[in-house]
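The values are calculated or read from the model by the stated rules, or taken from the named source; none is laboratory data. Since we're looking at a predicted model, the values are computed, not measured. Counting neighbours? That spans all protein chains shown, and the Cβs are built from the backbone with ideal geometry, glycine included. Just so you know, the surface numbers come from the protein's heavy atoms only, side chains and all, with ligands and any DNA or RNA stripped out. Shrake-Rupley method; radii C 1.70, N 1.55, O 1.52, S 1.80 Å.
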Amino acid sequence: MQVRFYIIFPVWLILVLPFISTAQVNFTTLADKQSIGLTDILQVQFIAENASQIEAFQAPPFTDFNVLQGPIETSGMSLVNGEISRYLAMTFILRPKRTGKLMIQGASALINGKRMKSNQLRIDVGDAKATPANPYPIDPGISAYRRQIQEDYILQPGETPAEKIKKGLLVVLDLDKTTAYVGEPIVSTYKLLTRLRSDSRVSKRPSMNGFSVYDMVEPDGAGPTIEERDGKEYQSHIIRKTQLFPLQEGKFELEPVELENNVRFLRTDHTAGPTNRSSLQRLIDDMMGDASGSWEEHRITIASPPRTITILPLPDGAPGSFSGAVGKFNIKGTASTSKMAAGENLTYILEIEGSGNLPLINAPDWLLPDSITSFDPQITEELNKTISPMEGKKNITYTITSSTPGTFQIPGIEFSYFDPAAKAYKTLRTDSINLTVTPSLSRKPAEPATQKHTEPVLSPGKLAIIAIGLLLFGAMTWLILSRKKTVQAIESQAPSEPEAVKPEPVQRTVADYLSPARWAAAKGEPVLFFKELENSIWNCIADRFELTPSERKKETVIPILKARRWSDADLAAFETIWNRCEWALYAPGLAVADSSAILAEVEMLLNKVQQT
């Protein structure tokens, strides 16, 4: 069933619409609750904001829900912080079919001629709760996203801006947990909560060192919502929502985010009446001016309070095949063939599927017979980073070959992970493979040439021509040799030039090795900086210890440094630098660290390498 609601605008408001500034188009999925019971009702809305044309709207399949009502179409205008925006909302009333973490996929539509898709949501459905007297939402189709809060921007006599700002403008950091294991995700959400009229800008972002960071919401991907704290409603804006995967144990303090805010107040000299005026009244006041007072602006910087997270070490007793996977996974192995000729290749795809720290999982070692040769595995992945723990799969493609004919029992691949819910290690193994290698295909021997009776190749006439050619060649050779002897005699009388001195090889300094990293830091490109920094470190170490390209790995270098009596502190410092470089591509938070401090630390370590 489809129900339509229409909002009628006054004629004068339609006249001012052409003067409304064009804003960014957003297409958002919102739900009135994130956690419900099995018998509860859920209101889901797909909202297109600031769209001049919407066509071909397609709702997602509500696989795990029964649709009780919808789509309900509403349109209207909203006034937020003195700015007008238009919106169209398609609302569905749903009831879950089962318990669990249920996904609602995004809707799609052709908006302003461009195909767009809204974000997806995860709804936690628990056991049935007591059914309320009226389970349906109040005013179905009227979006909570567009419900206006009571703005507190009027300064009554005796009130101060500082007092208003303290109560009406907050920056908070919400965490889904404050204690986790190494590799177990933590959801951190920095938010701005406001009851005022303000413009805000992020002036300092947290670095989040010690974590691998994955954004769950794209920049400008989530619209404002209404959130209640301490009995008051605030308009809530997500600054950044991320999954943090701890890389090491210990206590970590998440740095605050800082915002610069321009806050506007209307100061009155007498009681101006209630402040919860309608949107139309505020629009009239903003356009025509408020005769009861004057506007004033204040600039203030506010920050979120720091939060401390405790990261627990993984328990002892890890299997030999454990390499850091944390979560809950399944594996499946598929071989391209069970029979091949010697010298041919076999591909084997290991699929790791589940939820957890999938991006940090490396290819498991495959213990193969000595007669089997393997190549470096290739890795692809499909991840859903909008939920925690992130879900998806990782495909690891192994390529093997053998030059020895025979029948081989290829063992399965063993994969171990830590399950934080069960607080235990679990080991999985794929099935073994019976591989038959046949002799390589040999080339067909060449057929012997058929003997034929032929005439003599050289006739007397041809012999005469060859003889004349040889005489001419001999004469030319004699002339060239005679001329060469004359030139050598002249040159022997000239003064000899000093023998060129070969330059001695230049010894590269640590500053030389680090120059590409300093150049990248000066350009202000963090990811490029960490890439060049890693190359600089390996170039210096490889030159010092004469390492081949295949030996440029931590497993080779660490024992060398230990043998040369490096301290545990210096080795740990090197490990930390390597981890930062390796995860900079995956963790934007790590890539904004202080480059000058990192360069100074690396320079000290490389100087010690050259002196070792």
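If r is the Cβ-Cβ distance from Lys562 to Arg267 and R0 is 51 Å, what FRET efficiency results, to the nearest 0.05?
Values: r = 69 Å, r/R0 = 1.36.
For Lys562 and Arg267, the calculated efficiency is 0.15.
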Taking the mean number of other Cβ atoms within 10 Å as a proxy for protection, how do you rank 45-53, 370-378 from highest to lowest? 45-53, 370-378
When 1/r is averaged over all different Cα pairs and the result inverted, which Kirkwood radius in Å belongs to the stretch 148-187? 13.8 Å
Distance in nm between Thr39 and Thr397 label points, each 7 Å along Cα→Cβ, equals 5.3 nm
In whole Hz and in residue order, list the ³J(HN,Hα) couplings for the stretch 235-242 that follow from phi through the Karplus curve 6.51 cos²θ - 1.76 cosθ + 1.60, θ = phi - 60°; x for Gly and Pro. 7, 9, 10, 7, 7, 7, 10, 9
Estimated FRET transfer efficiency when R0 is 41 angstrom, pair Leu110-Ile379 (beta carbons, to 0.05): 0.70
Quick one: what are the phi-derived ³J(HN,Hα) couplings along the stretch 601-609, Karplus 6.51/-1.76/1.60 with θ = phi - 60°, whole Hz, x for glycine and proline? 5, 5, 4, 5, 5, 5, 4, 5, 4
What does the extension gain come out to for Ser52 and Asn345, with contour length at 0.36 nm per residue minus their alpha carbon separation? 99.8 nm
How long, wide and thick is the stretch 337-436, going by the Cα atoms along their three principal axes, in whole angstroms, largest first? 48, 25, 17
So if we plug the beta-carbon distance of Gln248 and Arg307 into 1/(1 + (r/R0)^6) with R0 = 30 Å, what FRET efficiency do we get, rounded to 0.05? 0.95
Between Leu547 and Lys101, what is the spin-label point distance in nm, taking each point 7 Å from the Cα along the Cα→C-beta axis? 3.8 nm
Taking N as the residue count of the stretch 398-438, its alpha carbon Rg divided by 2.2 N^0.38 Å gives 1.74
Sort Met604, Met216 from largest to smallest accessible area, using a 1.4 Å probe on the heavy atoms of the protein chains. Met604, Met216
With a 18 Å threshold on alpha-carbon distance, the violating pairs from Lys393/Lys553; Lys177/Lys251; Lys101/Lys328; Lys97/Lys385 are Lys393/Lys553; Lys97/Lys385
Additional length obtainable on full extension of the chain from Ser596 to Ser432, 0.36 nm per residue less Cα span: 53.9 nm
With every protein chain in place, the accessible area of Lys251 for a 1.4 Å probe, in Å² rounded to the nearest 10, comes to 150 Å²
List the residues whose amide H sits under 5 Å from the amide H of Ser294, counting only those 5 or more places along or on another chain, with H placed 1.01 Å from N in the peptide plane. Arg267
Viscosity 0.692 mPa s, 37 °C: Kirkwood-radius Stokes-Einstein D of the stretch 299-372 over Cα pairs, µm²/s: 191 µm²/s
Computed accessible area, Met340, all protein chains, 1.4 angstrom probe, square angstrom: 10 Å²
Pseudo-spin-label distance Glu555 to Asn535, built 7 Å along Cα→Cβ, given in nm, is 2.6 nm
Using a 1.4 angstrom probe and counting only protein chains, how large is the accessible area of Thr301 in Å², to 10? 80 Å²
Work out, step by step, the length gained on full extension between Asn330 and Leu472: first 0.36 nm times the residue separation, then minus their alpha carbon distance; give nm to one decimal. 42.7 nm
